[in-house]
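Novice: Okay, handing you the structure first.
The values are calculated or read from the model by the stated rules, or taken from the named source; none is laboratory data. Only a predicted model underlies this, so the values are computations on that prediction, with no experimental measurement involved. Cβ: placed from backbone, ideal geometry, glycine included. Neighbour counts: every protein chain shown.
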Amino acid sequence: MKDRLDALEIALTNELREYEFYKMNAERTTNPLGKAMFETIAQEELEHYERLQELHKVWEKNNTWPETIPLKVNKTNVQNILKDVLERVAEAPPADMDDLEAIRTAIAFECDGVMHYELLKQGSTEPNEKAFFNLMANIEHEHFVSLKDTEELLVSPDAWFRMRERGGLDGG
């Protein structure tokens, strides 16, 4: 049980660190895509932190997975950010190296998050606990995929648009 609580404490630390990272970068960037992406993920990470904090408090007190705390978290909306921002601007917003570095750091955070929640899920024998950590892993995975997509857009907008438009190069 102690190792499960220790793993949960690591998740708490990571979620708070990620929230602060996303919030700081949302304030720093002038890129509308980066700002929207960082703001949305920051709010989601804060929600994760708050749910994990509730869980930790009860779990530590009762030495068991809580049956009375509603451990639902909102599903992520991050996959719509790219589409929404690009509908409002004529072309991909220019990226600076700070934005790209922040996106790449965020990708590493989310990858680590997926692995951590998968390990928590695999170590669980309680169905509600398994389901909760599975949901958390899936949300972190969606963050990861959206951030990779954003990285691709910032690095090579032409290639990104070409892939999304499925245009053909028939030479004719």
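Novice: With respect to Ile139, determine if the residue is at pLDDT 85 or above and assigned to a helix (DSSP H, G or I).
Specialist: Details: at pLDDT 85 or above: yes; assigned to a helix (DSSP H, G or I): yes.
Yes.
Novice: Further, regarding this structure: Residue check: is Ile81 modelled with pLDDT under 75 and touching a Leu at 6+ places or on another chain (Cβ under 7 Å)? Break it down into steps so the answer makes sense when it comes.
Specialist: Numbers: modelled with pLDDT under 75: yes; touching a Leu at 6+ places or on another chain (Cβ under 7 Å): no.
For Ile81, the condition - modelled with pLDDT under 75 and touching a Leu at 6+ places or on another chain (Cβ under 7 Å) - is not met.
Novice: Pull out all pairs, ordered by first then second residue, where Cβ-Cβ is under 7 Å, the residues are six or more apart or on different chains, the first lies in the stretch 44-64 and is more than 14 Å from Met136 (Cβ to Cβ), and the second is surrounded by fewer than 17 Cβ atoms within 10 Å (Cβ to Cβ).
Specialist: Close Cβ pairs (under 7 Å, with a partner that is surrounded by fewer than 17 Cβ atoms within 10 Å (Cβ to Cβ)) amount to Val58/Ile69; Trp59/Leu5; Glu60/Leu5; Asn63/Met1.
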